[in-house]
1. Suppose we keep just the alpha-carbon trace of the range A:416-568; what are its Rg and Dmax in angstrom?
2. Using the Cα centre of chain A as origin and beta-carbon charges of +1 (Lys, Arg) and -1 (Asp, Glu), tell me which of A:PRO562, A:LEU31, A:PRO374 is placed farthest towards the positive end of the dipole.
3. Between A:ALA458 and C:MET1, what FRET efficiency follows from the Cβ-Cβ distance if R0 is 56 Å, with the result rounded to 0.05?
4. Picking from C:VAL60, C:ASN2, C:SER24, whose Cα lies most toward the positive end of the charge dipole for the range C:1-63 (charges on Cβ: Lys, Arg +1; Asp, Glu -1)?
5. Given A:GLY265, A:VAL218, A:THR242, which one lies farthest toward the positive end of the charge dipole of the range A:196-314, if we put +1 on the Cβ of every Lys and Arg and -1 on the Cβ of every Asp and Glu?
6. I'd like to know how the protein assembly as shown sits against the 2.2 N^0.38 Å rule of thumb: what's its Cα Rg over that expected value?
7. Peptide A:120-133: average number of partner chain Cβ atoms within 10 Å per residue?
8. Within 10 Å of each Cβ in B:96-107, how many Cβ atoms from other chains are there, averaged over the peptide?
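Please treat every number below as a calculation from the coordinates, not as lab data. Note that the coordinates shown come from a computational prediction; the quantities given were computed from them, not determined experimentally. Heads up, the Cβs are rebuilt from the backbone with ideal geometry, glycines too, and the neighbour counts pull from every protein chain shown.
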Amino acid sequence: MTTQDPKFKTDALISEDIDAYLETHQHKSMLRFITCGSVDDGKSTLIGRLLYDSKMIFEDQLATLEADSKKIGTQGQNIDFALLVDGLAAEREQGITIDVAYRFFATEKRKFIVADTPGHEQYTRNMITGASTADLAVILIDARQGVLTQTRRHSYLVQLVGIEHVVLAVNKMDLVGYSEDTFKQIVADYTEFASSIGIDSFTAIPISGLAGDNITQVSKSTPWYEGPALLDYLENVDLVVTRDQEKSFRMAVQWVNRPNLDFRGFSGQIATGSVKVGDTVRVIPSGKTSRIARIVTMSGDLTEAVAGQSVTLTLTDEIDCSRGDVIATAEDAPEVADQFEATIVWMDDEPLLPGRSYWLKIGTQMVSAHVQPPKYQVNVNNMAHLAAKTLELNGIGVAEVATDKPIVFEPYDVNREMGGFILIDKITNATIAAGMLHFSLRRSKNVHWQAIEVDREAHSQLKNQKPLVLWFTGLSGSGKSTIANEVEKLLYIMNRHTFLLDGDNVRHGLNRDLGFTDADRVENIRRIGEVAKLMTDAGLIVITAFISPFRAERQMARAMLPEGEFVEVFVDTPLDVAEQRDVKGLYKKARAGELNNFTGIDSPYETPSNAEIRINTTEMSAKEAARYIVDWLFNLNDSD
Amino acid sequence: MHTDLWKTEGLKKALDHYGFDVALGGARRDEEKSRAKERVFSFRSAKHRWDAKNQRPELWKLYNAQKTKGESIRVFPLSNWTELDIWQYIHLESIEIVPLYLAAERPTVERDGMLIMVDDDRFPLQNGEIPVQRSIRFRTLGCYPLTGAVESEAATLTEVIQEMLLTTTSERQGRAIDHDSAGSMEKKKQEGYF
Amino acid sequence: MNLTHLERLEAESIQIMREVVAESENPVMLYSVGKDSAAMLHVARKAFFPAPPPFPLLHVDTTWKFKDMYALREKAAKDAGMQMLVYKNPEAVDAH
């Protein structure tokens, strides 16, 4: 590893003519690639070699590396290149790669960013992170092992993310005597598998990271191999960003630049295509058209800009345009829709909850969205489709996604930037999933806006929710109001429109004239039922928290509402527990005879027999109960 | 001691003092091993801690900027630049930099194997130390009792780049903070160092 | 049209900075007066041109910086049309 390869910077040129060197270096292009493969396939050694040969490792770093290799390395007295790339303490201790590491090197033609991605299934989310920005994937195979489960899984993920170029690097050729037959057999095996998952073409290269065969130069040890060395291939392969320039123009508006009243510019990075001053463009979703007046940059106006550039555009007309809008070629603008089929990669410890409202971020748009139960999950080790009700950490499946308002998009395989999205949990703010849109299920652009009847259905549609009544019943002190409050908070966070009816806002107003006789109790419940019904007509989710001791009245309230819109929640707290809590001191008073007709003491509580949800407050906290209820609500279709 | 108090505590206090929720920083992934693993949008707890093993996935150009009150995000827009990229960009765009990056005759003393520039009377000379004029420049600029200079004749930007390309030691060797063992930067970052 | 690696890096950095401005309430740019800060500030000026970058600069000042650095700090902020906040940690000043 001491002689310098001519592909890398030449010290001679640098010393003699630094200006000439800089001139060439300034015109380099940039390629991003990932390396993946099983644990012992030699990824780190390969990267270490590329870094070393391009002089990205300095003498002092090499000294540290040598010392560390002897101390904690796994290669005996040899240099353990894994120590170069595994940067986290936990990684060095466990000898595995947990998170993706980015490394940089350059040749005379290109700058390279290599993402070294973890191989273990449990770190799939980190591999996807590295893969999502890559132009190319180097899939390493140990020549002695051939195609393994890990190889198949990584290849599937590479195909899923849509990485355009795949290199099959058959490594450790030195350990199989540079056997052409071994190489050919592995390539044949892989070809069969690759075409089954949609990888139509790949480039296979026999290499040895350790011995340096076919890495920077074609090796004499493999005379039967006629293709390029790995680095040759990396230097010459087409760039995705260049290909994107051929497509139709699209730019998502990131920020409106308005320094004064005379200037209104739309800033963004061009996703695909190119744009010229004078071009007619359409702003989506509004559909308004205008022409490009200027392409503004600090170094002076441009006449044309292409995919990959960050620019600020001004238009000839004053039309509405803000963050989230997409400026596109007028004659070929992207679609707008609110229901899609998508592939989803789940990346959170907490599984997908179908129906729950998450943030969906796509391009510069962020909307509320929910996911239907998956159509199927993919077994990433053998690509089999499995039935699934949810997706757990690292699970990959296909499901329908609905957004609360139409979004501008393109299928992922047409346009990565306009078809790739992430889901964010509204409570924890974690990035919980990545998705790739396939197609829209219903085109919003075909929805005709006719004069519509403002009825129950319309109210509910506007609020994007199914109205219902969550009817809490239980003894005094059972925890109804506390749980009801928590439920309302959760629903609020999830963008649901709710209203809570309880003793505080009903007893003192609407039902001020009622006492606690059996007759008054019945009238109390009837009125609450009627109010709740009106509120569901307005499209609200109504939460009621009253003792409502009698089965018949609860049945009456149930009957006022359409089937499925009355959800009875029995807060099942045993009398002795409720009495022990006695938050308001009412049980004490009732026992002392100071309160008459007190439920549970001298007035009966009729335990529900058909409550949809039963909460045992001795087993869960109010917050847990609330979460349980909300989860139940959004799993209405679940059979169990 | 000096660095910890300033860089870590000072920064945390400053961010809290002004209530900044997102701080842009110039760190690069090629600087150090734990930085090579860090996201562009790097989430910090209310106590400014970095949870290295549990970073948010970061796909495509979709950055998750969601957080609750008290939490913050450090953003590194230059994550994918290398030191050479920075220098070339400065050269191409004619960006003004501190003249100390370029070699010139400056008063220096040698202490603990480092060349220290005598900038002004805030720097007390030790017994027997007499400042000597040397042609020096700085590869990095920290706080001056900590940052060593290198002897150099590179008085222009292209000469600096030339020297950098031909050098065989890593950029940050002049900085005392990085002389610690592997993993120390990760620890500092967990505690809130930028 | 082939973008050079520096053009791509710059475009990506600009995209990141604009996302920050669009999605945060109170952003700031750390400024250390070093070469990386100089490059970052320059990219920021390009990202928001013709407006000045819509956030202040923050220098956590150890009071132990070189004189040349203090001079450039003031000039850089003025040239960019940005506010330069200087924060000195009271505890650390005492500790010196």
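1. Every Cα atom of the range A:416-568 included, Rg and Dmax give 19.8, 67 Å.
2. Positive-end residue among those listed: A:PRO562.
3. Working: r = 51 Å, r/R0 = 0.90.
With a Förster radius of 56 Å, E is 0.65.
4. Ranked along the dipole, the leading option is C:ASN2.
5. Going by the charge dipole, the pick is A:GLY265.
6. Values: Rg = 32.1 Å, N = 930, 2.2 N^0.38 = 29.5 Å.
Rounded to two decimals, the normalised Rg is 1.09.
7. Working: counts 0, 0, 0, 0, 1, 5, 4, 1, 3, 7, 3, 1, 6, 6.
Mean partner shielding for this stretch: 3.
8. Details: counts 7, 9, 14, 5, 7, 4, 0, 0, 0, 0, 0, 0.
For peptide B:96-107, the averaged partner shielding equals 4.
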